[in-house]
Amino acid sequence: MKYFFLFFMFTGSFVSDVLSQSPYLPFNRDYYSLLERYEIKNGAFNEFFHTGSKPYRRDEVVQFLEKYKQTAGPLSSKDEFNLNYLLQDNWEYASDTMALSKLSLGKHIYNRPSDFYGYKNKDFDVHLNPVLYLQGGAEIDSDQMPFRNTRGLAIHGSIDNKIGFYTMLATTDLLFPSWVNDYVGSHGAIPGQGFWKRYGDRGYSFFSARGHITFSATRHVNIQMGHDSHFIGEGLRSFILSDFSNPFVFVKVNTKIGKVNFTNLWGQMTADIITSRGVPTDGRYPQKWFSFHRLGVNLGKRFNLGVFESVMADKANWNYFNPLIFYRWVEHQLGTPDKVMLGTDMKWNVGSGMQFYGQFVLDEFVFDEFFHITESGSSRNKHGVQLGYKYIDVAGIDNLDFQLEYNQARPFTFQEKFDYQSYTNYSIPLTHPRGANFRELLAVMTYQPLPKLTLRGTMMYQMYGADPTKEDNYGGDILKNRTQNSTGLYGNYIGQGQKNKVGMATLHLQYLLRHNLFIDLSQTMRQVNADGEISSKTSYGQLALRLNISRFDQQF
C-alpha cells in the first residue's frame, strides 16, 4: 500500500505544474446541508461538483455560490446572510472582495472573520484557527454529568496555488450520555474517533488528527491523499460509505468531465482492536484494505444516478488498484476470498424546492431467493434500502426546511464469513450505526427565524433485532460470522431475535455569536422498548459552545 501512495505523490509532482488547487472542506452536516439547500432551491444541478460524493473542494463551492447569487433573484435576509457566511468562510477563492473583520487585532489576527490568522500571497496561502468544543449536560436518573472538553487547532491553505492542504489536531475529554456510552462500550470504539483511553471511571479521553493534501493531475482529474472520513449520498445516513466510523488513510482520485463524475477510493482500515479489560491497549492491530469506485451521471439537469462497487479484503491486492476494472470479476478470479458490495444511489430535484433521493446496496444475490421463487426469507438475501425526501421553504415559508428518510437493512447484510472482512472499520460500521437487521424512520424540521438563529427538531424511530446472548447471531451485529448464525437458510426477517423499538426526539437551538462560534442548546427524549416492555427511558439536556468544529450527532 505504501508504494501505491508514493506512486501518486510522484506522479502529482510532475503533472500539476499549471493547475490551481484548493483543499477540501471538512465534512460538517449542518454546513453541507446549507450548500445542498441552495442547489435544491435552484432546481438544476450545479456544474462544479456532484453532491453525492463528499467532501467538496473549497474553490468549487465558491464558484457555485457566486453563480447562485447572480442568478437566484431576490433573496431573503437569512439566505443573504447564509451565502455571505459561506463565501466569507472561503474568502481566498472569492472573486468579489469580502468584508474585513471589524474585530481585527493587528495586520493578520482576525483580519478576516473566518480566520484567527490568515496570510495569502501568490506563492503561499495559510489559514489557522483554534478549535474548541465545551459542553455540559444533565441526564435524568443519572448521577453522572455528561460533558465535553475539546481543544485543538485547524490549518488549511495552498502552496504555489497547486497543492492544497488541511489538518486538524485536537485533544478531548468527555463523558457521554447513557445510550452513547452503551454503544461505545458494546463496540469498544468511539464513533468518528476510534482509539480512546479512560478518563476517570466512566469518561473517555482521545487525540484526534485528520488531514490531507490534494492536487490536480489534469484539468478534470483531482487526487487527494490523507487520513479522514468520507460520505456518499444525499441522506442523513448512508448505506454506501459514511463518516460514522474512524477516519482512515486513503488515496482518492476524482474525475469529473461534464455531467460525469467518477470517484476511486483506496484505503487501509483497522480490522480489529486489542483490548485489556474492555479498554484498547498497545499492540499492532490487524489491518484490512478497502477499494471503492462510484460513477455518478447527471441525466439531464435534475436527475442524478450513481452506481458503485467496493471490496473489503484482509490483505492488499494489486488487482484492486486498477481504477476501471469490474471488482466482482477480479474477486471471482482470485477464488472469491473477499467481500464485494454493489449498489446504486439517485437524487431527483423535482422543480425548485423538492428533492427525492435513495440508495440500494446489494451484499449477496441469488436470483430465486431474492425474488422469493423458492422459499422466502433467505439469509443470503442481504441488502439495504434508503428512500428520502427534502422540501425547501415549506409552504412558501422562508428558511423552513423538512427532510424525511426511511432506511432498512436485512439480517446479515455487511457480515462476512472470513475474519476481518465485515463492512466495518475499528469495530464501527462503515455505513449505518445500527449495522443491519433494522428499520428506521427519520424526520428533521429546520427553521431559521433570524439570520443567526437556527431551530432544528429531529425525530427518530428504529425497530431492530438484537442478539439475546453474545453467542447468538440473528444478523444485526455485523462483526459476527454470517455462516455461524442462529437461524436457518430460510425464514429470516427484519427484527428477528430480541425485538427492540427506539423512539428519540431532539429539539436543538443554535445561535451564531460570531463567525464559526456557536452556542448550542438542546433537549433529547429517548425511550427503548425491548420485547414489548420499556427497558430504558431518559431525558438529556445540554448546552455547548463550539468554535470551528461540527456538532456531535448523537441521534442513534
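The values are calculated or read from the model by the stated rules, or taken from the named source; none is laboratory data. Treat the numbers as computed from the prediction; the structure is a model and nothing was measured. Virtual Cβ from ideal backbone geometry, glycine too; neighbours counted across all protein chains shown. Only protein heavy atoms, including side chains, enter the accessible area calculation; ligands, DNA and RNA are left aside. Shrake-Rupley method; radii C 1.70, N 1.55, O 1.52, S 1.80 Å.
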Q: Search the range 389-408 for residues being within 15 Å of L236 (Cα to Cα) and either in a loop (DSSP other than H, G, I, E, B) or of a type outside the set (D, E, K, R) (or both), and hand back the single one that is least open to solvent (accessible area, probe 1.4 Å).
A: N407
Q. Which condition number in (1) closer than 21 Å to Q421 by Cβ; (2) of a type outside the set (D, E, K, R); (3) under 25 Å from the mean Cα position of the chain (by Cα) is the one that V366 fails?
A. (3)
Q. Is it the case that F308 is aromatic (F, W, Y), in contact (Cβ under 8 Å) with a residue 40 or more places away in the chain and either open to solvent by less than 20 Å² (accessible area, probe 1.4 Å) or in a strand (DSSP E or B) (or both)?
A. yes
Q: Filter the range 472-489 down to the residues that are among the small types (G, A, S) and in contact with a strand residue (DSSP E or B) (Cβ under 8 Å, 6 or more places away or on another chain), then identify the one that is farthest from Y426 (Cα to Cα).
A: G475
Q: Could you name every one of the strands (runs of 3 or more DSSP E) located completely within the range 147-205 that has at least 2 residues being modelled with pLDDT of 95 or more and crowded, with 16+ Cβ neighbours inside 10 Å?
A: 147-159, 163-175
Q: Could you grab the pairs with beta carbons closer than 9 Å, sequence gap of 6+ or different chains, first residue in the range 127-138 and free of Cβ contacts under 8 Å to residues at least 60 places away in the same chain, second one open to solvent by 50 Å² or more (accessible area, probe 1.4 Å) and in a strand (DSSP E or B)?
A: H127/F116; H127/Y117; H127/Y119; H127/K120; L128/F116; L128/Y117; L128/Y119; L128/L153
Q. Which residue pairs have Cβ atoms closer than 8 Å, lie 6 or more positions apart in sequence or on different chains, and pair a first residue in the range 323-346 that is more than 11 Å from S291 (Cβ to Cβ) and open to solvent by 50 Å² or more (accessible area, probe 1.4 Å) with a second residue that is part of a helix (DSSP H, G or I) and among the charged types (D, E, K, R)?
A. L342/R328
Q: Could you check L441 against (1) among the aliphatic types (A, V, I, L, M); (2) touching a Ser or Thr at 6+ places or on another chain (Cβ under 7 Å); (3) open to solvent by 30 Å² or more (accessible area, probe 1.4 Å) and say which number it fails?
A: (2)
Q.
Against the conditions (1) at pLDDT 90 or above; (2) open to solvent by 50 Å² or more (accessible area, probe 1.4 Å), where does K78 fall short? Just the number, please.
A. (2)
**Q.** the range 509-527: number of residues that are surrounded by 15 or more Cβ atoms within 10 Å (Cβ to Cβ), in contact (Cβ under 8 Å) with a residue 40 or more places away in the chain, assigned to a strand (DSSP E or B) and not basic (K, R)
**A.** 4
Q: Could you tell me whether any residue of the range 539-551 is out of contact with any strand residue (DSSP E or B) (no Cβ under 8 Å at 6 or more places or on another chain) and within 25 Å of F27 (Cβ to Cβ)?
A: yes
Q: For E47, indicate whether it is charged (D, E, K, R), at pLDDT 90 or above and open to solvent by 40 Å² or more (accessible area, probe 1.4 Å).
A: yes
Q.
Restricting to the range 539-556, name every residue that is open to solvent by 20 Å² or more (accessible area, probe 1.4 Å) and part of a loop (DSSP other than H, G, I, E, B).
A. N548, I549, S550, R551, F552, D553, Q554
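For (1) out of contact with any strand residue (DSSP E or B) (no Cβ under 9 Å at 6 or more places or on another chain); (2) assigned to a loop (DSSP other than H, G, I, E, B); (3) within 14 Å of S229 (Cβ to Cβ), each residue gets a yes or a no:
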| site | (1), (2), (3) |
| --- | --- |
| L241 | no, yes, yes |
| S245 | no, yes, yes |
| K252 | no, no, yes |
| N261 | no, no, no |
Q) Among (1) assigned to a strand (DSSP E or B); (2) under 23 Å from L236 (Cα atoms), where does I478 come up short? A) (1)
